[in-house]
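Q: Following this message is one structure expressed as structure tokens.
The values are calculated or read from the model by the stated rules, or taken from the named source; none is laboratory data. Just so you know, these numbers come straight off a predicted model, no measurement behind them. When we count neighbours, we look across all protein chains shown, and the Cβ atoms used for this are built from the backbone with ideal geometry, even at glycine. We work out accessible area using only protein heavy atoms, side chains counted, and drop any ligands, DNA or RNA first. Shrake-Rupley method; radii C 1.70, N 1.55, O 1.52, S 1.80 Å.
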Amino acid sequence: MTFDIGKIDDVIHGRLRLGIMAYLVSAETADFNELKSMLQATQGNLSVHLRKLEEAGYVEIEKAFRARKPLTRIRITAKGRTAFTSYLDAMSKLIDK
């Protein structure tokens, strides 16, 4: 039996993007600093990876201000949740081989 490696979602498969998605699946939403701290990422690196997830439609990013300070909130989308589930299924099939 063979496994189609193409079923592994390249958008999610990166270490930082996988961490973002795994966190958001359970938390639903998170602010930028919360993710930065949890994933031990730099601000620039996290921004780049969030943009890739946003471009794929896997997360929504909302920018606002609270007490005159910028607040960036990230929320997983239904498409992102489905993609993450499919990713886990594909990885499971790969491991079970």
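A quick yes/no check of all residues on (1) touching a residue at least 12 places away in the same chain (Cβ under 8 Å); (2) closer than 21 Å to Ile95 by Cβ:
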| position | (1), (2) |
| --- | --- |
| Ile20 | yes, no |
| Val25 | yes, yes |
| Ala30 | yes, no |
| Gln40 | no, no |
| Val59 | yes, no |
| Ala64 | no, no |
| Pro70 | no, no |
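Q: Separate question: Select, from Lys36, Lys93, the only residue that is without any contact (Cβ under 8 Å) to a residue 12 or more places away in the chain, part of a helix (DSSP H, G or I) and surrounded by 14 or more Cβ atoms within 10 Å (Cβ to Cβ).
A: Lys36
Q: Oh, and also: Consider segment 1-31. How many of its residues are modelled with pLDDT of 95 or more and over 12 Å from the mean Cα position of the chain (by Cα)?
A: 1
Q: Another question, then. Scan segment 54-71 for residues that are open to solvent by less than 100 Å² (accessible area, probe 1.4 Å) and over 17 Å from the mean Cα position of the chain (by Cα) and jot them down. Steps first, please.
A: Step one: list which residues in segment 54-71 are open to solvent by less than 100 Å² (accessible area, probe 1.4 Å), which gives 54, 56-59, 61-62, 64, 67, 71.
Residues satisfying the conditions are Ala64, Ala67, Leu71.
Q: Moving on to the next point. For Ile74, indicate whether it is aliphatic (A, V, I, L, M), in a helix (DSSP H, G or I) and open to solvent by less than 30 Å² (accessible area, probe 1.4 Å).
A: no
Q: If you check Thr82 against the conditions, is it surrounded by fewer than 16 Cβ atoms within 10 Å (Cβ to Cβ), more than 10 Å from the chain's Cα centre (by Cα), over 21 Å from Gly6 (Cα atoms) and among the β-branched types (Val, Ile, Thr)?
A: Taking the combined requirement at face value, the residue does not satisfy it.
Q: All but one of (1) touching a residue at least 12 places away in the same chain (Cβ under 8 Å); (2) surrounded by 14 or more Cβ atoms within 10 Å (Cβ to Cβ) hold for His13; state the number of the condition that does not hold.
A: Among (1) touching a residue at least 12 places away in the same chain (Cβ under 8 Å); (2) surrounded by 14 or more Cβ atoms within 10 Å (Cβ to Cβ), His13 violates only (2).
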